[in-house]
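A short worksheet on the structure shown next.
The values are calculated or read from the model by the stated rules, or taken from the named source; none is laboratory data. Bear in mind that the values here come from a model prediction, so they are computed numbers and not experimental data. A quick note on method: Cβ atoms are made from the backbone with ideal geometry, for glycine too, and the neighbour counts reach across all protein chains shown.
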């Protein structure tokens with residue numbers, strides 16, 4: 001799904017592992033100058049450069065843009081960063097891995113498509129797909145730092161690869177990693193529904209739940225947030241919503257109400 005940049009800003013501002021410095025966003029002319037050399041940036045990365053530019057993950061700097069006339073050996077546009085068509089924008093603090101994406105010059109890129117993020121093992125050279133967007137890269141970084149792994153349930157991990165969450169016009173929302181932690185603690189889900197995780201709500205008092213860590217049963221169920229400890233998928237307790245979280249959200253998340 002397309003990254004929700006409002007939710008991304010909230011995640012960045014609330015995270016202790018992402019450090020930003022307000023007022024240091026790159027001007028549009030800096031970004032355009034870099035794009036003339038590297039190709040169009042994906043929307044969520046372009047947004048990051050314009051809003052923040054200068055930042056760190058776990059104390060390690062993300063590549064930043066300097067003024068076009070002052071660019072040096074560590075700038076985002078430095079020649080060493082573009083290798084085999086992949087642009088390196090971050091290195092792990094221990095130096096074991098680097099993170100890359102391909103700005104590209106294709107028609108798809110010019111149309112504003114997001115670019116996948118790839119981790120390259122510095123010792124073996126092997127590559128693995130990490131996220132479907134820069135927004136997803138930041139989201140998964142926060143999730144892992146918070147002890148959530150890629151996510152409590154596989155369907156949510158697939159969503160977080162692209163966007164930190166979803167908030168639809170009808171009020172349906174699916175939470176970001178930090179919101180997941182806060183809401184599950186607030187509603188004492190581990191006490192009343194220990195086999196389930198609260199992944200979102202309908203903004204009307206009903207939560208959206210999935211069975212924790214279940215890779216085979218991808219069902220989403222709706223339950224009143226004050227319903228107590230009856231098993232959610234028992235008859236007459238919770239309401240089945242969908243078996244395809246991402247498809248349901250993409251279609252507008254009709255709650256039937």
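Residue 187 falls short on exactly one of the conditions (1) crowded, with 21+ Cβ neighbours inside 10 Å; (2) farther than 23 Å from residue 17 by Cα; (3) at pLDDT 90 or above, and that condition is (1).
Against the list (1) surrounded by fewer than 17 Cβ atoms within 10 Å (Cβ to Cβ); (2) within 20 Å of the chain's Cα centre (by Cα); (3) at pLDDT 95 or above, the condition residue 12 fails is (1).
For the stretch 240-247, the criterion of being surrounded by 15 or more Cβ atoms within 10 Å (Cβ to Cβ) and not in a strand (DSSP E or B) is met by at least one residue. Under the condition of being in contact with a helix residue (DSSP H, G or I) (Cβ under 9 Å, 6 or more places away or on another chain), free of Cβ contacts under 8 Å to residues at least 60 places away in the same chain and surrounded by fewer than 18 Cβ atoms within 10 Å (Cβ to Cβ), which residue from the stretch 43-63 is farthest from residue 10 (Cα to Cα)? Applying the filter and picking the extreme gives 50.
In the set (1) in contact with a strand residue (DSSP E or B) (Cβ under 8 Å, 6 or more places away or on another chain); (2) at positive phi, the condition left unmet by residue 171 is number (1).
Identify the residue in the stretch 120-168 that is in a loop (DSSP other than H, G, I, E, B), free of Cβ contacts under 8 Å to residues at least 24 places away in the same chain and surrounded by fewer than 18 Cβ atoms within 10 Å (Cβ to Cβ) and, among all such residues, is farthest from the chain's Cα centre (by Cα). If we take residues in the stretch 120-168 being in a loop (DSSP other than H, G, I, E, B), free of Cβ contacts under 8 Å to residues at least 24 places away in the same chain and surrounded by fewer than 18 Cβ atoms within 10 Å (Cβ to Cβ), then 124 is farthest from the chain's Cα centre (by Cα).
Within the stretch 9-29, the residues that satisfy the criterion of being touching a helix residue (DSSP H, G or I) at 6+ places or on another chain (Cβ under 9 Å) and assigned to a loop (DSSP other than H, G, I, E, B) are 15, 16, 17, 25, 26, 27. Taken together, the residues in the stretch 169-190 that are in a strand (DSSP E or B) and under 14 Å from the mean Cα position of the chain (by Cα) amount to 1. Quick one: in the stretch 31-42, which of the residues that are buried (at least 18 other Cβ atoms within 10 Å of the Cβ) and in a helix (DSSP H, G or I) is farthest from the chain's Cα centre (by Cα)? Checked the stretch 31-42; the qualifying residue farthest from the chain's Cα centre (by Cα) is 33. Among the criteria (1) within 14 Å of residue 187 (Cα to Cα); (2) loosely packed, with under 14 Cβ neighbours inside 10 Å; (3) modelled with pLDDT of 85 or more, the one residue 250 does not fulfil is (1).
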